[in-house]
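Worksheet: the structure to be examined is printed underneath.
The values are calculated or read from the model by the stated rules, or taken from the named source; none is laboratory data. Note that the coordinates shown come from a computational prediction; the quantities given were computed from them, not determined experimentally. A quick note on method: Cβ atoms are made from the backbone with ideal geometry, for glycine too, and the neighbour counts reach across all protein chains shown. Areas reflect the complete protein model, heavy atoms only, side chains present, ligands, DNA and RNA absent. Shrake-Rupley method; radii C 1.70, N 1.55, O 1.52, S 1.80 Å.
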Amino acid sequence: MPRAARLVVIEPNGVRREVAITTTPFRIGRQAGNELTLRDSRISREQAQILSVNGGMVLEDMGSRHGTFVNGQKVIKHELQPKDQVDFGMADSYKLLFLGEGATIEELVERVEAPAPSHSGSRELYHLGVLLEVARTLGTGLSLEDVLTAVVDAAIQVTRTERGVLLLANDNHELQMIVARDAQRRTLRPDQLQVSQSVVKRVAQTRRELIVSDTGEDGGMSQQESVARLELHTVIAIPVDKLPVIETLDATISTRQGELLGVLYLDSHVPSSAFSDLDREVLRTLAREAATVVENARLFASSRAKQRLDHEIEIASQIQKQLLPKSLPNLPEVAVAGSTLSCHSVGGDCFDVIGLGGGRHGFFVGDISGKGVTAALLATLLQGVFFTTAAMDISLPGVFSRVNQYLCERTGEDRYATVFYGVLDKLGRFEYVNAGHVPPLLKRKAGGLEGLGSANFPVGMFSEAEYQSARVQFEPGDFLVIYTDGVSEATNTRNELFEEFRLRTIVEEFAGENVTQLGDAIREGMRVFTEGAAQSDDITILVIQYKGNAA
């Protein structure tokens with residue numbers, strides 16, 4: 001029976017291996033799944049292919065980036081002859097030597113001159129070549145799958161086994177097969193192989209390497225049912241661990257074992273020679289490289305996910321800012337100033353001013369329970385539904401009942417909002433509903449400070465809740481300060497609260513003339529008190545001044 005045509009693959013580190021051309025087209029390139037995979041990012045995913053034409057072998061370039069060369073000449077198609085040397089336009093990359101179907105004199109000479117990996121005198125150089133090849137692959141910028149495949153291929157070379165499998169732990173800590181290869185560097189499908197589950201389980205539990213072989217290095221594992229059933233003479237498994245974590249407590253430094261990322265498993269149906277200390281150390285090095293690659297990939301994926309989340313939060317923040325009033329009334333009878341400051345990129349506070357016709361204005365401030373993105377989404381929802389409902393100009397208790405029912409039907413039991421909403425007309429008549437909100441402060445021009453509180457429940461808490469409104473008469477020159485509890489609960493570097501009494505003092509002592517000055521005075525007082533300390537709640541302030549009936 002004629003012998004299959006063969007290629008000698010000369011790797012960048014000088015290591016040679018023989019590959020049989022057992023099928024055509026025989027595809028060559030960087031992409032996994034090719035009959036010959038060459039791990040160099042400069043080589044195209046589908047570089048070239050070998051076809052059987054009229055009993056001969058033809059090399060065809062597949063439109064590669066740098067071209068395919070035979071004996072130094074760039075080719076599109078070339079009928080291969082024994083001793084043809086193939087390269088890909090780069091001196092430090094892979095080279096191929098076509099042998100044809102029979103061994104040539106040059107091949108026999110090369111085999112005699114090439115160092116035999118099994119000889120003890122060249123074993124160290126052989127291992128060094130394997131590790132250098134893996135190191136070169138790590139620096140080529142290939143995909144995670146390609147790099148892990150290189151690690152498995154190298155482990156098969158070192159152990160002289162028939163198959164290698166890398167199993168990685170998923171989110172449920174279950175080991176899943178990620179890479180499966182054979183000694184001819186072909187990718188194996190999961191249905192093409194079975195592994196010794198008892199060996200894998202033991203290594204995962206003990207976090208210690210295990211070698212089962214005919215030399216008696218198995219610790220009794222060769223009698224395991226799965227090893228015997230699969231007729232395995234050699235089984236090697238080594239844990240792929242995350243690097244140990246160094247922890248400190250006072251003056252004590254301790255090392256905690258890293259997380260188990262997976263298991264590198266290799267086996268063979270033929271007897272093996274004893275494994276030297278060097279073999280074991282190279283295997284451990286390969287396992288560490290696999291752990292580093294996997295962990296870096298996870299960190300990169302986590303970083304990309306965080307970048308996407310940050311980008312989405314930034315968009316949400318911009319939308320939230322755009323929903324705030326573009327301008328606030330500054331009319332002969334009323335003037336308004338407002339601001340909100342989120343403790344995170346987005347916040348759970350919201351405010352609005354609603355024009356109701358006839359010179360009337362509605363003033364709304366809401367505070368969602370909780371922080372972050374969820375609170376921001378509900379704040380946006382609350383602001384929209386409240387604006388829509390209040391613009392219907394129905395009774396204030398009716399507005400709150402509808403908003404409360406809407407939120408109860410669409411939010412969880414732990415999500416609710418405190419709301420203050422009041423309507424002021426030209427004559428200074430002010431009707432309001434306080435739904436569990438901190439009492440706004442009414443500063444009288446004639447002197448004195450009043451709090452506008454009530455016993456209503458927050459909206460979104462109880463679907464059967466009923467709401468009552470109250471009324472107060474404004475006089476020309478009166479100021480109303482509506483705020484959220486982020487003001488009174490602001491803290492300084494000593495963890496002291498700003499509290500309501502400090503806010504009341506600022507408002508009572510305010511001697512300015514307009515809403516902008518009063519808002520600035522409150523924010524300045526808070527800035528001095530907090531001393532630049534980070535805040536844990538959103539801060540919203542809405543200041544209203546009634547100037548009198550312009551008519």
Open item on the list: Looking only at residues that are within 30 Å of the chain's Cα centre (by Cα) and aliphatic (A, V, I, L, M) in region 189-217, which one is surrounded by the most Cβ atoms within 10 Å (Cβ to Cβ)?
Closed with: 203
- [ ] Residues being open to solvent by 40 Å² or more (accessible area, probe 1.4 Å) and either closer than 19 Å to residue 430 by Cβ or of a type in the set (Gly, Ala, Ser) (or both): count how many of those fall in region 352-382.
- [x] 4
TODO: Please enumerate the residues belonging to region 430-482 that are surrounded by fewer than 17 Cβ atoms within 10 Å (Cβ to Cβ), in contact (Cβ under 8 Å) with a residue 60 or more places away in the chain and of a type in the set (Gly, Ala, Ser).
DONE: 477
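This table checks each residue for (1) within 18 Å of residue 323 (Cβ to Cβ); (2) among the aliphatic types (A, V, I, L, M).
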position: 383; (1), (2): yes, no
position: 390; (1), (2): yes, yes
position: 398; (1), (2): no, no
position: 409; (1), (2): no, no
position: 429; (1), (2): no, no
position: 432; (1), (2): no, no
position: 438; (1), (2): no, yes
Task: Residue satisfying all of: in region 513-528; open to solvent by 30 Å² or more (accessible area, probe 1.4 Å) and not charged (D, E, K, R); nearest to residue 351 (Cα to Cα) among these - done: 516
Open item on the list: One residue is enough: does region 414-428 have a residue meeting the conditions touching a residue at least 12 places away in the same chain (Cβ under 8 Å), touching a strand residue (DSSP E or B) at 6+ places or on another chain (Cβ under 6 Å), under 14 Å from residue 354 (Cβ atoms) and outside any strand (DSSP E or B)?
Closed with: yes
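May I ask you to verify whether residue 311 is more than 17 Å from residue 168 (Cα to Cα) and modelled with pLDDT of 80 or more?
No: the conditions fail for residue 311.
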Task: Enumerated strands (runs of 3 or more DSSP E) restricted to region 29-75, each holding at least 2 residues that are open to solvent by 20 Å² or more (accessible area, probe 1.4 Å) - done: 48-53, 56-61, 73-75
Task: Filter pass, residue 61 being closer than 12 Å to residue 88 by Cβ and at pLDDT below 90 - done: no
TODO: Being part of a loop (DSSP other than H, G, I, E, B) and farther than 14 Å from residue 7 by Cβ is the filter here, so list the residues in region 76-87 that pass it.
DONE: 76
- [ ] Determine, yes or no, whether residue 85 is under 26 Å from residue 157 (Cβ atoms), open to solvent by less than 40 Å² (accessible area, probe 1.4 Å) and at pLDDT 90 or above.
- [x] no
- [ ] Kindly check whether there is at least one residue in region 340-351 that is crowded, with 22+ Cβ neighbours inside 10 Å and either touching a Pro at 6+ places or on another chain (Cβ under 9 Å) or of a type in the set (S, T, N, Q) (or both).
- [x] yes
- [ ] Being not in a strand (DSSP E or B) and not aliphatic (A, V, I, L, M) is the filter here, so list the residues in region 439-450 that pass it.
- [x] 439, 440, 444, 445, 447, 448
Task: Looking only at region 271-297, and only at residues there that are assigned to a loop (DSSP other than H, G, I, E, B) and out of contact with any Lys or Arg (no Cβ under 9 Å at 6 or more places or on another chain), the one that is modelled with the lowest pLDDT - done: 274
- [ ] Go through (1) at pLDDT below 85; (2) not in a strand (DSSP E or B) and name the single condition residue 17 misses.
- [x] (2)
Task: Tabulated pairs, region 383-400, first open to solvent by 40 Å² or more (accessible area, probe 1.4 Å), second hydrophobic (A, V, I, L, M, F, W, C) and not in a helix (DSSP H, G or I), C-beta under 7 angstrom, 6+ apart or interchain - done: 387/354; 391/354; 393/356
Task: Residues of region 89-103 that turn out to be at pLDDT 85 or above and not in a loop (DSSP other than H, G, I, E, B), as a count - done: 4
